[in-house]
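The values are calculated or read from the model by the stated rules, or taken from the named source; none is laboratory data. Because the structure is a prediction, the values reported are computed rather than measured. Here the Cβ positions follow ideal geometry from the backbone for every residue, glycine too, while neighbour counts run over all protein chains shown.
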């Protein structure tokens with residue numbers, strides 16, 4: 001069993017990280033939870049204590065927590081803009097790190113996190129939990145088996161709603177310094193799935209971002225892009241948080257010479273089209289929607305991270321894997337800023353977008 005601490009006790013921690021820790025109580029011993037707002041830490045600890053029937057410590061200073069020798073792993077669920085700093089300090093203190101998406105808001109910071117984890121011989125995992133969705137796993141099998149023949153292109157569509165109240169709940173949301181917009185925060189999961197299915201290595205990205213309906217945030221509420229992969233495949237992204245009046249759907253579509261798959265539902269959790277030779281349909285077409293857009297993937301994500309430490313192998317979503325979606329979003333941002341396609345490699349940060357007019 002490994003001793004773990006949770007840093008950040010906001011929305012995602014309460015809704016998903018607590019459940020993952022409870023469901024994996026046989027391999028992770030949650031020692032302490034930490035948040036700069038003491039009431040949030042107390043609430044998180046209370047949820048865990050009721051289900052685990054034991055005491056969970058509370059901390060408000062993560063730096064103190066990192067000095068403890070009895071903690072093996074830290075899970076980071078703070079605002080996006082602090083992921084880099086806390087991860088670097090945790091790795092420096094000898095802790096394995098499981099960090100929420102996006103792992104960083106710049107290409108340089110992501111590279112530094114990966115480099116330090118290797119130097120310290122520590123595991124760095126990223127929370128792209130939708131890779132564990134049963135329909136996504138079924139699609140991945142078909143991709144790896146070559147069932148599509150030649151894959152031509154894929155489309156990631158995220159049509160959600162985020163209202164003013166959502167942004168008021170946490171002032172860091174929608175800022176270039178701490179978050180980014182719809183693409184970096186809401187759409188990055190599906191962007192990760194798209195690049196995973198199409199082959200990962202990007203050659204060129206052409207993107208556009210707009211703020212149509214959220215004048216109270218700095219960043220975009222709509223983003224579109226065309227991605228050229230080095231293997232010749234094409235990726236198309238449409239992502240927004242301006243759908244009226246509420247979340248509509250999230251879809252991942254993959255099209256090839258011998259196969260067509262569309263996975264939709266609230267959070268890429270239900271197969272809508274499944275067409276291969278001799279296969280018209282799939283049992284997962286009738287799966288129910290999850291309780292939230294976060295899905296159920298944090299439970300197997302935590303289990304895999306534990307096994308990566310115990311078996312000394314890469315996590316299913318390693319730092320290198322976690323960087324790929326961030327890099328695509330940053331390429332879209334850079335392309336929108338400069339008004340031209342962006343070729344890899346490149347260096348960019350959300351900081352460069354401060355003051356950009358998105359109207």
Being in a strand (DSSP E or B) and not assigned by TED's automatic domain parsing to the domain that holds residue 301 is true for just one of 174, 154. Which residue is that? 154
Looking at the range 225-233, can you tell me whether even one residue there is buried (at least 21 other Cβ atoms within 10 Å of the Cβ), under 30 Å from residue 359 (Cβ atoms), touching a strand residue (DSSP E or B) at 6+ places or on another chain (Cβ under 8 Å) and modelled with pLDDT of 95 or more? yes
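Regarding residue 14, is this residue surrounded by fewer than 20 Cβ atoms within 10 Å (Cβ to Cβ) and either in contact with a helix residue (DSSP H, G or I) (Cβ under 7 Å, 6 or more places away or on another chain) or assigned to a strand (DSSP E or B) (or both)? Quick ask: steps written out before the conclusion?
On the way: surrounded by fewer than 20 Cβ atoms within 10 Å (Cβ to Cβ): yes; either in contact with a helix residue (DSSP H, G or I) (Cβ under 7 Å, 6 or more places away or on another chain) or assigned to a strand (DSSP E or B) (or both): yes.
It is true that residue 14 is surrounded by fewer than 20 Cβ atoms within 10 Å (Cβ to Cβ) and either in contact with a helix residue (DSSP H, G or I) (Cβ under 7 Å, 6 or more places away or on another chain) or assigned to a strand (DSSP E or B) (or both).
May I ask you to list the residues in the range 141-172 that are without any contact (Cβ under 8 Å) to a residue 60 or more places away in the chain and farther than 17 Å from residue 250 by Cβ?
Of the residues in the range 141-172, the ones without any contact (Cβ under 8 Å) to a residue 60 or more places away in the chain are 141, 144-146, 163-168, 171.
Selection gives 141, 144, 145, 146, 163, 164, 165, 167, 168, 171.
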